[in-house]
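**Q** Dumping the structure here so I can ask a few things about it.
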């Protein structure tokens with residue numbers, strides 16, 4: 001296995017030409033486009049009084065959760081999936097706006113129409129981000145960098161919103177690049193540069209490495225991509241199981257996944273591993289609400305609907321329980337989904353021991369195939 005990875009590395013490193021040159025190299029030209037604070041930016045666009053102010057999309061009271069935060073709010077530490085009560089403590093002047101998914105979806109469709117002017121190979125991850133494979137673009141431009149610049153300019157002109165983009169020869173690097181110069185930025189990682197680019201990055205930037213994973217890595221002396229690259233495949237497999245192969249490749253800028261526009265998801269879910277095991281029922285219920293909001297955003301993004309909700313609970317001793325409930329008709333909205341999740345959680349009370357992980361999944365899906373997408377492997381945590 002290790003020889004296979006090393007052979008791939010050598011193959012990539014031999015291609016030192018600019019990314020515009022695809023003559024016989026076999027390298028893909030991948031763009032990852034990520035809208036900047038999408039939901040909040042739409043609200044600021046549509047209400048000029050909100051511009052330059054800290055804005056959150058979501059519910060402001062009770063069990064409300066932040067679905068999105070403007071960059072002005074992020075300066076105070078406000079983040080998506082955060083309970084609204086905590087967000088208000090961090091930023092007392094925070095302005096809340098209710099979600100308008102019909103508007104966000106309409107804007108998302110405008111943006112995807114722009115993408116499809118350049119390639120049929122578009123893999124949406126959510127309403128506000130997507131991968132594009134422009135190895136053979138429809139306009140014959142040839143340069144992924146120029147295509148990314150053109151797409152960003154058209155998004156600004158057509159929607160009055162900004163997007164950041166990453167350009168590279170695989171999905172892993174393109175996604176890293178799109179986050180490099182946010183907001184309203186562009187970053188290009190050319191062939192031969194990927195391995196070096198990831199060396200200085202903190203491992204927390206690697207897709208799939210959550211807070212708990214980063215803590216475990218720190219205990220093993222792994223803080224950066226360079227630290228990760230110094231570990232052999234046997235070490236990574238022994239400490240991270242099936243994720244070890246992914247980490248080995250990622251630390252070297254390797255990712256062989258293709259952009260797939262035709263994948264249909266069988267389920268949509270999210271889970272959270274706690275920094276410290278949880279014993280308080282109130283904290284579990286609050287987390288359940290946060291996860292429900294995250295899942296429902298993904299449901300909306302994929303224009304999906306489903307009938308079955310599954311709750312996953314992992315105790316301190318790693319015993320894992322799942323409980324599911326199906327309804328006769330489609331689960332109607334986020335509150336319906338959240339209420340079913342709360343009921344499943346309440347059925348497991350009282351807790352026999354502390355909880356280390358909580359997750360929710362919607363399955364039994366029906367989707368619009370044109371909008372369906374498959375997020376990357378279930379490695380990431382909230």
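**Q** Of everything in the stretch 215-233 that's free of Cβ contacts under 8 Å to residues at least 12 places away in the same chain and either within 23 Å of the chain's Cα centre (by Cα) or farther than 28 Å from residue 167 by Cα (or both), which residue is surrounded by the most Cβ atoms within 10 Å (Cβ to Cβ)?
**A** The selected residue is 218.
**Q** Please determine, by comparing only the residues of the stretch 125-140 that are surrounded by fewer than 24 Cβ atoms within 10 Å (Cβ to Cβ) and within 19 Å of residue 268 (Cβ to Cβ), which one is farthest from the chain's Cα centre (by Cα). Reasoning before the result, please.
**A** Keep residues of the stretch 125-140 that are surrounded by fewer than 24 Cβ atoms within 10 Å (Cβ to Cβ), which gives 125-126, 129-130, 133, 135-140.
Now narrow it down to the ones that are within 19 Å of residue 268 (Cβ to Cβ): 125-126, 129-130.
Values: 125: 7, 126: 8, 129: 8, 130: 10 Å.
My answer is 130.
**Q** Please give the number of the condition residue 187 fails out of (1) more than 28 Å from residue 29 (Cα to Cα); (2) outside any helix (DSSP H, G or I).
**A** All conditions pass for residue 187, except number (1).
**Q** List, please: which pairs have Cβ atoms under 8 Å, are six or more places apart or on different chains, and start with a residue in the stretch 169-188 that is on the phi > 0 side of the Ramachandran plot and surrounded by fewer than 23 Cβ atoms within 10 Å (Cβ to Cβ) and end with one that is modelled with pLDDT of 95 or more and in a loop (DSSP other than H, G, I, E, B)?
**A** 184/36; 184/162
**Q** Which ones in the stretch 261-279 are modelled with pLDDT of 85 or more and more than 21 Å from the chain's Cα centre (by Cα)?
**A** 277, 278, 279
**Q** Can you confirm whether residue 93 is modelled with pLDDT of 95 or more and closer than 20 Å to residue 127 by Cβ?
**A** Numbers: modelled with pLDDT of 95 or more: yes; closer than 20 Å to residue 127 by Cβ: no.
No: the conditions fail for residue 93.
**Q** Only residues that are within 28 Å of residue 277 (Cβ to Cβ) and surrounded by 22 or more Cβ atoms within 10 Å (Cβ to Cβ): list them for the stretch 295-314, please.
**A** 295, 296, 297, 309, 311
**Q** Can you tell me which residues in the stretch 45-80 are free of Cβ contacts under 8 Å to residues at least 40 places away in the same chain, surrounded by 15 or more Cβ atoms within 10 Å (Cβ to Cβ) and over 23 Å from the mean Cα position of the chain (by Cα)?
**A** Of everything in the stretch 45-80, just one residue is free of Cβ contacts under 8 Å to residues at least 40 places away in the same chain, surrounded by 15 or more Cβ atoms within 10 Å (Cβ to Cβ) and over 23 Å from the mean Cα position of the chain (by Cα), namely 60.
**Q** Now, a different point. Restricting to the stretch 141-161, and then to whatever is in contact with a helix residue (DSSP H, G or I) (Cβ under 6 Å, 6 or more places away or on another chain) and part of a loop (DSSP other than H, G, I, E, B), can you tell me which residue is surrounded by the most Cβ atoms within 10 Å (Cβ to Cβ)?
**A** Of everything passing the filter in the stretch 141-161, 161 is surrounded by the most Cβ atoms within 10 Å (Cβ to Cβ).
The values are calculated or read from the model by the stated rules, or taken from the named source; none is laboratory data. Everything numeric in this text was worked out from a predicted model, so none of it was measured. Virtual Cβ from ideal backbone geometry, glycine too; neighbours counted across all protein chains shown.
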